[in-house]
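Trainee: Sharing a structure below in structure tokens format, with a few things to ask.
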Amino acid sequence: MTMRLQHDWNAALREQKSEIWVNSGQAYGTIHCSARSDANGKRVVDFDANEGFKVEAYDQEHLRWMQISHNGQTQTFYSQNQVLNAIHGKGPVNCVDLSPLGELGVSCGNDGNLKVWEAASGNIMRNLVGHIGDLYTCQFFPSGKVVISGGSDMRLKIWSVEEGTCAAELKGHRARILGTRMIGRGRNLISHSLDGTVKLWETGSQSVVRNLLELNQPINDASIVSCSSLSSASIPPNPLEFGTDGQLVLVASEDKKISRSRYAI
């Protein structure tokens with residue numbers, strides 16, 4: 001049995017009195033909500049549900065989740081609009097990514113912190129320490145167990161989410177790193193930087209396979225697209241490349257131009 005709950009239920013809980021609909025597929029009920037102050041002056045909500053539904057628990061402080069039971073089964077609902085304002089401190093957040101299954105998030109910013117957190121609650125799991133200065137990019141590998149990050153220290157770091165340690169470091173850029181893109185499972189990836197280069201990396205050996213683009217302008221963004229009509233047959237095969245054939249790189253640079261690699265990767 002899967003229950004459905006009114007999509008803006010957390011907004012309704014912020015009102016003094018409200019009603020929320022809930023549907024189990026077997027029954028359609030209403031949860032009557034009434035807010036009051038407890039003995040300590042803290043705001044609490046009382047619930048009165050019909051048709052056999054019952055509110056078992058809810059996030060009293062942030063209204064991020066609510067547990068409802070019906071006919072012996074309990075389901076947890078999470079709010080659709082959620083602000084996680086306790087993850088980073090000073091300065092802007094520059095990049096955020098979710099793991100492939102949506103269970104974990106990773107983010108970084110000008111506070112120099114790289115944080116891994118639970119997507120549902122915002123609870124911080126890891127504070128990955130090792131970079132110096134501002135961070136501009138972070139991304140999960142397809143496995144969801146590994147993260148890559150980069151920033152003003154001109155280094156890419158690969159982290160184990162489970163252990164919270166830096167497993168590898170990729171050096172080669174001469175200015176701040178602004179972004180990365182995975183190829184396949186992440187054995188190869190590209191990075192772009194203010195130094196005007198897009199580099200193709202082999203993560204196992206932590207080495208640069210080659211520079212895909214070298215511009216005289218900072219590269220603000222890069223994208224990889226599959227282009228079956230293109231082939232890298234004119235490029236000598238490299239044992240450090242995995243699944244790169246037919247992948248085209250497009251970049252956006254500071255000089256108001258969009259460029260592409262001269263050939264498929």
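The values are calculated or read from the model by the stated rules, or taken from the named source; none is laboratory data. The structure presented is a predicted model; accordingly, all values stated were derived computationally and were not measured. Cβ placement follows ideal geometry from the backbone for every residue including glycine, while neighbour counts extend to all protein chains displayed. Remember, those area values only see protein heavy atoms, side chains included, never the ligands or the DNA or RNA. Shrake-Rupley method; radii C 1.70, N 1.55, O 1.52, S 1.80 Å.
Trainee: Check whether at least one residue in region 195-205 is open to solvent by 10 Å² or more (accessible area, probe 1.4 Å), at pLDDT 95 or above and either of a type in the set (A, V, I, L, M) or under 20 Å from the mean Cα position of the chain (by Cα) (or both), and report yes or no.
Mentor: There is no residue in region 195-205 that is open to solvent by 10 Å² or more (accessible area, probe 1.4 Å), at pLDDT 95 or above and either of a type in the set (A, V, I, L, M) or under 20 Å from the mean Cα position of the chain (by Cα) (or both).
Trainee: Of (1) modelled with pLDDT of 95 or more; (2) at negative phi; (3) open to solvent by 40 Å² or more (accessible area, probe 1.4 Å), Phe140 satisfies all except one. Which?
Mentor: (3)
Trainee: May I ask you to list pairs of residues, at least six apart or on different chains, whose Cβ atoms are under 6 Å apart, with the first in region 237-265 being acidic (Asp, Glu) and modelled with pLDDT of 85 or more and the second being in a loop (DSSP other than H, G, I, E, B) and open to solvent by 50 Å² or more (accessible area, probe 1.4 Å)?
Mentor: Pairs found: Glu254/Gln217; Asp255/Gln217.
Trainee: Only residues that are open to solvent by less than 30 Å² (accessible area, probe 1.4 Å), assigned to a loop (DSSP other than H, G, I, E, B) and either β-branched (Val, Ile, Thr) or without any contact (Cβ under 8 Å) to a residue 40 or more places away in the chain (or both): list them for region 172-194, please.
Mentor: Selection gives His173 alone.
Trainee: OK, next. When the residues of region 76-93 are filtered to those that are part of a strand (DSSP E or B) and open to solvent by less than 60 Å² (accessible area, probe 1.4 Å), which remaining residue is farthest from Leu63 (Cα to Cα)?
Mentor: Thr76
Trainee: Can you tell me which condition Asp221 does not meet? The list is (1) open to solvent by 50 Å² or more (accessible area, probe 1.4 Å); (2) assigned to a loop (DSSP other than H, G, I, E, B); (3) not aliphatic (A, V, I, L, M), and all the others hold.
Mentor: Condition (2) is where Asp221 drops out.
Trainee: Please verify whether region 7-25 includes one or more residues that are of a type outside the set (Phe, Trp, Tyr) and closer than 25 Å to Val147 by Cβ.
Mentor: no
Trainee: Please go through region 1-52 and give me each residue that is open to solvent by 70 Å² or more (accessible area, probe 1.4 Å) and either within 17 Å of Ser79 (Cβ to Cβ) or under 32 Å from the mean Cα position of the chain (by Cα) (or both), ordered by number.
Mentor: Listed by number, the residues that qualify are Met1, Thr2, Arg4, His7, Arg14, Glu15, Trp21, Arg43.
Trainee: What do you reckon, is Arg36 free of Cβ contacts under 8 Å to residues at least 24 places away in the same chain and over 25 Å from Ser121 (Cβ atoms)?
Mentor: For Arg36, the condition - free of Cβ contacts under 8 Å to residues at least 24 places away in the same chain and over 25 Å from Ser121 (Cβ atoms) - is met.
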